[in-house]
Each structure stands twice: as structure tokens, then as C-alpha cells.
């Protein structure tokens, strides 16, 4: 499929659920599994046994919790939750609860002191791989505050990063950096690339782009956009 705008990606997701009977939980499960597969392969190739999943308070955060669950028996993995987990959308919150029920470890970041501890963790040995599940295609405002500090800490650490759908802080339509942005090693995007991948700083931020199907053949929906 050709690259999608933010609105087209949102519309396809809605139609998949409403018209084709694919529930949000299934789509999130498939997305998270695809992320885990790519992150696991990259970690194995680089000899990395530690993965840090950085989850935001939207559906990208839910994708991150699913990925962490699929990685739990294969590597040392934990989730860093940026913001209030109670603010997660219902399906993402459910996946956070599943992660907790399995004994998965979650670290909360709420204040600058928490960011300092997070940055120190990224810098310790053994080296880690980061899964960036902070912000998705819906982001259209500049990032500031603690979230911006978390992104800066990830950038300073210069670790391999697998971005969920697009690097956090990259505008899906223009490729502009919205205040702070991740530079990904690999971007696992869903259904099709996003328009911003080829514009502005998109080519510099996305790294290798892996397009994952999440429950429906894209060609079946290509006529809808």
C-alpha cells in the first residue's frame, strides 16, 4: 500500500473494527507480537539480553505491554510506564493488567527524579535494546515535560531502538520533529508506511522500516483510502 496520512491510518483502524469485525484487542495483540518478533531478532543479532519497553499512555503503550509479554520468557525485559497507567485506553489497560498478572515488572516515571534513574538504568551494563512505545501516529502537538526528558535520555544512551508504528515525536504527516523525537534503528509500522517517513526528518529518524500486518490483508482495504 502507498504511505498513509494520520487520518487515513486512523480511518482504516476504525473500519477494520467496525466493518470487518476485528476487535481492538486482536489488532493490539497482533501489533505487539510483531514488535516482539522484530525486537527479539534484533537483540539476538546484537547479543543483547536486556530489553526496556518504554510505554506511553495511549494505545502505543498497550502495544508495548503486549510486546513485553511475548518477550518475557526469552530475555530480561521490563516496562517503563511514562505517565499515569490509569489514563491508558481500556484495551491498552487490559494488556497492562495481563502483563502484571504474569509477574512482569513495571517502573513508573512521573517526575524528573524518575527520569534520572531511568537514564542511569539505560547506561548500565549489560547494554539494552529499547522498544519505543511512547507516542503513535495521533501525536500532533510538541512533546514537553517528563516525556520529552525521557526521549532525550534514550537519545543520549545511543542504544538500538525499535519504534512502534513510528518514532515518538515524529509527525506522521510531515516528518517534522514535535519538540523531541526518537532516532530509531528499526520502525515496526502497521499496514503501510506513513507519509512522514519520507519527509522532513523522517528518513533520518525511522531507520529500517518493517511493515507488519495486524489482522487484515492491506490490499483488501487499499480501495478505501
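The values are calculated or read from the model by the stated rules, or taken from the named source; none is laboratory data. In this text the structure is predicted, and so the values were computed from the model without any measurement. Reconstructed Cβ throughout: ideal geometry from the backbone, glycine too, with neighbour counts over all protein chains shown.
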Discussion item. Considering only the stretch 28-36, I want to know if a residue exists there that is touching a helix residue (DSSP H, G or I) at 6+ places or on another chain (Cβ under 6 Å), touching a residue at least 12 places away in the same chain (Cβ under 8 Å), in a helix (DSSP H, G or I) and farther than 18 Å from residue 165 by Cα.
Written reply: no
Item to complete: Select, from 79, 53, 66, the only residue that is in a strand (DSSP E or B), under 20 Å from residue 166 (Cα atoms) and free of Cβ contacts under 8 Å to residues at least 40 places away in the same chain.
Response: 79
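Quick one: count up the residues across the stretch 65-80 that are touching a helix residue (DSSP H, G or I) at 6+ places or on another chain (Cβ under 7 Å), modelled with pLDDT of 95 or more and either within 22 Å of residue 123 (Cα to Cα) or surrounded by fewer than 18 Cβ atoms within 10 Å (Cβ to Cβ) (or both).
Within the stretch 65-80, the subset touching a helix residue (DSSP H, G or I) at 6+ places or on another chain (Cβ under 7 Å) is 65-71, 74-75, 77, 79-80.
Still in the running and modelled with pLDDT of 95 or more: 65-71, 75, 77, 79-80.
Applying the additional criterion that residues be either within 22 Å of residue 123 (Cα to Cα) or surrounded by fewer than 18 Cβ atoms within 10 Å (Cβ to Cβ) (or both) yields 68, 71, 75, 77, 79-80.
Counting residues in the stretch 65-80 that are touching a helix residue (DSSP H, G or I) at 6+ places or on another chain (Cβ under 7 Å), modelled with pLDDT of 95 or more and either within 22 Å of residue 123 (Cα to Cα) or surrounded by fewer than 18 Cβ atoms within 10 Å (Cβ to Cβ) (or both) gives 6.
This table checks each residue for (1) within 16 Å of residue 83 (Cβ to Cβ); (2) over 11 Å from the mean Cα position of the chain (by Cα); (3) in contact (Cβ under 8 Å) with a residue 40 or more places away in the chain.
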site	(1), (2), (3)
154	yes, yes, yes
166	no, no, yes
181	no, yes, no
187	no, no, no
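Output the residues belonging to the stretch 118-138 that are without any contact (Cβ under 8 Å) to a residue 40 or more places away in the chain and touching a strand residue (DSSP E or B) at 6+ places or on another chain (Cβ under 8 Å).
118
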Discussion item. Take the residues in the stretch 37-50 that are in contact (Cβ under 8 Å) with a residue 12 or more places away in the chain and not in a helix (DSSP H, G or I); name whichever of them is surrounded by the fewest Cβ atoms within 10 Å (Cβ to Cβ).
Written reply: 46
Item to complete: May I ask you to verify whether residue 94 is modelled with pLDDT of 95 or more, within 13 Å of residue 133 (Cβ to Cβ) and surrounded by fewer than 23 Cβ atoms within 10 Å (Cβ to Cβ)?
Response: no
Worksheet item: Checking residue 15 against (1) part of a helix (DSSP H, G or I); (2) surrounded by 18 or more Cβ atoms within 10 Å (Cβ to Cβ), which test does it fail?
Response: (2)
